[in-house]
Amino acid sequence: MAKIAVYPGSFDPVTNGHLDIIERSNNIFDKVIVAVFNNHTKKPLFEMEERVKMLKQAVKEYDSVEVDCFTGLLTTYLKQKEAKVIVRGLRAVSDFESEFQMASMNKKLASDIETIFMMTSTEYAYLSSSIVKEVASFEGCVRDLIPEFIIDRLFDRLRERDLLI
Ligand code: PNS
């Protein structure tokens, strides 16, 4: 049976840290599904369709990486996809508490699904979509933090939303 892993997240937008985790997961699993969570309670900078589109472009070199989106419980989504593994990247100690809570809840909801954590490569240990958006909002340089093709889109979107400070 093919080993399928789901790498879930908001990806608003995808960063080079996410891509590092995707590449490394792709080396381990037969198939990796990058699943964009459509969170109705949060107003993202990029609509779900745009996040999916950017991710698809960013991972196009990997044949066994698929990009999809989901609403509702992550464990329900994994069952639909017949996947048994959730991949999450772990940066600093500060990530641990919320990741521990999520993994424990997912275990309670579906005991046959495992969460595995990958330590982020040290060069991306400080990186998150939020900090990239913050730096960009002050017109700081985000080169090497997100894929090149997203940089202009990020600044355009911040400008459209009147978020450039
Ligand atoms: O990139 P993020 O925002 O850290 O990703 C969080 C995400 C999408 C993985 C998490 O919020 C999630 O799995 N949401 C789906 C809803 C769910 O299953 N919640 C219960 C278990 S945490």
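From the residues in the range 93-104 that are aliphatic (A, V, I, L, M) and touching a Ser or Thr at 6+ places or on another chain (Cβ under 9 Å), which one is surrounded by the fewest Cβ atoms within 10 Å (Cβ to Cβ)? Explain how you work it out, then say what you get.
Narrowing the range 93-104 to residues aliphatic (A, V, I, L, M): 93, 102-103.
Still in the running and touching a Ser or Thr at 6+ places or on another chain (Cβ under 9 Å): 102-103.
On the way: Met102: 15, Ala103: 17.
My answer is Met102.
Looking for something within 30 Å of Glu160 (Cβ to Cβ), out of contact with any Gly (no Cβ under 8 Å at 6 or more places or on another chain) and aliphatic (A, V, I, L, M) - is there at least one such residue anywhere in the range 69-78?
Going residue by residue through the range 69-78, those that are within 30 Å of Glu160 (Cβ to Cβ) are 69-72.
Next, only the ones that are out of contact with any Gly (no Cβ under 8 Å at 6 or more places or on another chain) stay: 69-72.
Checking the rest, the ones that are also aliphatic (A, V, I, L, M) come to none.
No: the range 69-78 contains no residue that is within 30 Å of Glu160 (Cβ to Cβ), out of contact with any Gly (no Cβ under 8 Å at 6 or more places or on another chain) and aliphatic (A, V, I, L, M).
In the range 53-86, which residues are of a type in the set (A, V, I, L, M) and near the ligand (Cβ under 10 Å from one of its atoms)? Before you say what the answer is, go through the steps one by one.
Here is the first cut: in the range 53-86, the ones of a type in the set (A, V, I, L, M) are 54-55, 58-59, 65, 67, 73-74, 78, 83, 85-86.
Leu73, Leu74, Leu78, Ile86 - these are the residues of the range 53-86 that are of a type in the set (A, V, I, L, M) and near the ligand (Cβ under 10 Å from one of its atoms).
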Could you list, in sequence order, all residues of the range 95-126 that are near the ligand (Cβ under 9 Å from one of its atoms), within 25 Å of Glu23 (Cα to Cα) and touching a helix residue (DSSP H, G or I) at 6+ places or on another chain (Cβ under 7 Å)? Asn106
For the range 51-80, which residues satisfy the criterion of being in contact (Cβ under 8 Å) with a residue 60 or more places away in the chain and surrounded by fewer than 17 Cβ atoms within 10 Å (Cβ to Cβ)? Gln57
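Name every residue in the range 125-150 that is assigned to a helix (DSSP H, G or I), touching a residue at least 12 places away in the same chain (Cβ under 8 Å) and farther than 17 Å from Ser10 by Cα, in order of residue number.
Here is the first cut: in the range 125-150, the ones assigned to a helix (DSSP H, G or I) are 129-137, 148-150.
From what's left, touching a residue at least 12 places away in the same chain (Cβ under 8 Å): 129, 132-133, 136-137, 149-150.
Residues satisfying the conditions are Ala136, Ser137, Phe149.
A short reminder: the numbers here are calculations on the coordinates, not readings from a lab. Treat the numbers as computed from the prediction; the structure is a model and nothing was measured. Here Cβ is always computed from backbone atoms with ideal geometry, including for glycine, and neighbour counts include all displayed protein chains.
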